[in-house]
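Read the structure below first, then the notes.
The values are calculated or read from the model by the stated rules, or taken from the named source; none is laboratory data. This one's a predicted model, so the numbers in the text were calculated from it and none came from an experiment. Virtual Cβ from ideal backbone geometry, glycine too; neighbours counted across all protein chains shown. With ligands, DNA and RNA removed, areas are computed over all heavy atoms of the protein, side chains included. Shrake-Rupley method; radii C 1.70, N 1.55, O 1.52, S 1.80 Å.
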Amino acid sequence: EARAKDAINQTLRVTASSRESVYQGAMRLVGFRRLHRFSDDVVAARLQAQMPAQDGQIRGTLNSEMADELRVRAILDDSYDNAVAYIVQQGLWNFGQRSVAIDAAIDVEPEFGFSNAFEKPSDFVRLVQIANNDKFYPNLGTGEFLEEGGYWNANCDPLYVIYVSNDADRGTDMNVWPRTVKMALEAYLAIELAPALRLSAARIAQLQSDFRTKLRD
């Protein structure tokens, strides 16, 4: 009973329609087509069937199809956050960009070469532009700033930065992703599913090639 309750808690995440669509796309790529059974309420009912009734009797049993669907769902749930983070890291995506002005850190001083240090935002993924003015023209060039650990060093204050963000309302907001980027995510998740579904090495290689193509697109 404890295991069943734990499985319900881990499986029944709030799944937005955009996320459900990505799951289904990944499943189609690996040939797993029982999509009409793949929903939170159905999964909950199946897990509930495994919990003892008040008389101690099990209400039902999982057949092989149900077990396969639960395994696939668990893999997708476990892989999803890391897969999204990986895709966000791959490009200078317009949909994930944020512009900020950063004041010099008062408790950090560069060891040499520059007068000020600027802490990177907590949602920073990739640098797009960096400048000493809010027009971002001209940008700071080589030798005019230094990226060092969690800081940028420069001789201005404030520092103006455009970067790719992994914030929930920027880079990881699936609602603003173009369809092409979602398709790359689906292909990545399909690769994550492949070993559990015992796909052949040739089929996995095809999925990997498909992912690279979609990421370029």
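Report yes if some residue within segment 169-181 is more than 23 Å from Lys214 (Cα to Cα) and either open to solvent by 30 Å² or more (accessible area, probe 1.4 Å) or not in a helix (DSSP H, G or I) (or both); otherwise report no. Steps first, please.
From segment 169-181, those more than 23 Å from Lys214 (Cα to Cα) are 169; that's our starting set.
From what's left, either open to solvent by 30 Å² or more (accessible area, probe 1.4 Å) or not in a helix (DSSP H, G or I) (or both): 169.
Yes, there is a match, as at least one residue in segment 169-181 is more than 23 Å from Lys214 (Cα to Cα) and either open to solvent by 30 Å² or more (accessible area, probe 1.4 Å) or not in a helix (DSSP H, G or I) (or both).
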* Structure fact -> With the first residue restricted to segment 7-36 and required to be surrounded by 13 or more Cβ atoms within 10 Å (Cβ to Cβ), and the second required to be at pLDDT below 80, Cβ contacts under 6 Å at 6 or more apart or on different chains are Ala7/Leu47; Ile8/Leu47; Thr11/Val43; Leu12/Asp40; Leu12/Ala44; Thr15/Asp40; Gln24/Leu35
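Return the residue satisfying two criteria in turn: it lies in segment 15-38 and is among the basic types (Lys, Arg) and within 12 Å of Glu69 (Cβ to Cβ), and of such residues it is modelled with the highest pLDDT. Please lay out each step first, then the result.
If we filter segment 15-38 for residues that are among the basic types (Lys, Arg), which is where we start, we get 19, 28, 33-34, 37.
After this cut, where a residue has to be within 12 Å of Glu69 (Cβ to Cβ) as well, the list is 33-34, 37.
Values: Arg33: 66, Arg34: 58, Arg37: 50.
Looking at the filtered set, the residue picked out is Arg33.
Can you pull out the residues in segment 157-166 that are in a loop (DSSP other than H, G, I, E, B) and open to solvent by less than 50 Å² (accessible area, probe 1.4 Å)?
Pro158
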* Which numbered condition trips up Phe136, out of (1) free of Cβ contacts under 8 Å to residues at least 40 places away in the same chain; (2) open to solvent by 40 Å² or more (accessible area, probe 1.4 Å)? -> (2)
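Kindly evaluate Ala85 against the criterion of being in a helix (DSSP H, G or I), in contact with a strand residue (DSSP E or B) (Cβ under 9 Å, 6 or more places away or on another chain), modelled with pLDDT of 95 or more and not β-branched (Val, Ile, Thr).
On the way: in a helix (DSSP H, G or I): yes; in contact with a strand residue (DSSP E or B) (Cβ under 9 Å, 6 or more places away or on another chain): yes; modelled with pLDDT of 95 or more: yes; not β-branched (Val, Ile, Thr): yes.
Judged against the criteria, Ala85 is a match.
Residues of segment 111-133 being among the charged types (D, E, K, R) and open to solvent by 60 Å² or more (accessible area, probe 1.4 Å), which ones?
First pass over segment 111-133, keeping only residues among the charged types (D, E, K, R): 111, 119-120, 123, 126.
Result: Glu111, Glu119, Arg126.
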* Asked: Scanning for something farther than 28 Å from Ser99 by Cβ, more than 22 Å from the chain's Cα centre (by Cα) and assigned to a helix (DSSP H, G or I), does segment 182-196 turn up at least one residue?
  -> no
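Would you pick out the residues in segment 171-200 that are of a type in the set (A, V, I, L, M) and at pLDDT 95 or above?
We begin by selecting, within segment 171-200, every residue of a type in the set (A, V, I, L, M); these are 174, 176, 181, 183-185, 187, 189-191, 193-194, 196-197, 199.
Correct list: Val181, Met183, Ala184, Leu185, Ala187, Leu189, Ala190, Ile191.
Filtering segment 119-145 down to residues that are part of a strand (DSSP E or B) and of a type in the set (A, V, I, L, M), which residue is nearest to Thr172 (Cα to Cα)?
The first filter runs over segment 119-145 and keeps only residues part of a strand (DSSP E or B), leaving 119, 124-131, 145.
After this cut, where a residue has to be of a type in the set (A, V, I, L, M) as well, the list is 125, 127-128, 130-131.
Details: Val125: 11, Leu127: 16, Val128: 17, Ile130: 22, Ala131: 25 Å.
Within segment 119-145, the match that is nearest to Thr172 (Cα to Cα) is Val125.
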* Structure fact -> Among (1) in contact with an Asp or Glu (Cβ under 9 Å, 6 or more places away or on another chain); (2) hydrophobic (A, V, I, L, M, F, W, C); (3) closer than 24 Å to Glu186 by Cβ, Ala85 falls short only on (1)
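Which residue is nearest to Lys135 (Cα to Cα), if the candidates are limited to segment 68-105 and must be basic (Lys, Arg) and open to solvent by less than 50 Å² (accessible area, probe 1.4 Å)?
For segment 68-105, the residue satisfying everything is Arg98.
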* **Criterion violated by Val108 - all others in (1) open to solvent by 70 Å² or more (accessible area, probe 1.4 Å); (2) farther than 12 Å from Pro158 by Cβ satisfied** => (1)
